[in-house]
Amino acid sequence: MKKFIIIKNRIRNIKAKIVVSSDKSLSIRWALLAAQALGKSRAYNLLDSEDVNSTLIALKKLGVKV
């Protein structure tokens with residue numbers, strides 16, 4: 001089994017709205033994926049927790065505009 005994936009082509013323009021519950025794991029995963037995306041990403045109803053806030057702070061320190 002491969003332990004990695006190779007992304008050959010990035011998807012440039014996705015304009016979709018996905019509604020999910022306010023959950024710690026989903027909020028952190030969204031932040032990490034959005035940090036890698038091209039352009040702007042918007043999230044509503046992110047969980048306001050210490051873990052999620054720590055993730056956002058870490059992304060800011062890495063140079064991601066939050």
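Taking region 25-66 as the range and being in contact with a Lys or Arg (Cβ under 8 Å, 6 or more places away or on another chain), among the aliphatic types (A, V, I, L, M) and either within 19 Å of I14 (Cα to Cα) or outside any loop (DSSP other than H, G, I, E, B) (or both) as the test, the residues that pass are L38, V52. For I18, the criteria (1) assigned to a loop (DSSP other than H, G, I, E, B); (2) at pLDDT 90 or above; (3) out of contact with any Leu (no Cβ under 9 Å at 6 or more places or on another chain); (4) not acidic (D, E) hold in every case but one, which is (2). Among the residues of region 1-41, the ones that are surrounded by 10 or more Cβ atoms within 10 Å (Cβ to Cβ) and not β-branched (V, I, T) come to 17 in all.
Taking each residue of region 6-29 that is without any contact (Cβ under 8 Å) to a residue 40 or more places away in the chain and looking for partners that are assigned to a loop (DSSP other than H, G, I, E, B) and not charged (D, E, K, R) with beta-carbon atoms closer than 6 Å, six or more apart or interchain, yields S22/N45; S22/L47; K24/L47; K24/S49; L26/V20; S27/L46; S27/L47.
The values are calculated or read from the model by the stated rules, or taken from the named source; none is laboratory data. Note that the structure is predicted; figures quoted are calculated from it, not measured. Every residue, glycine among them, receives a Cβ derived from its backbone with ideal geometry; neighbour counts consider all protein chains shown.
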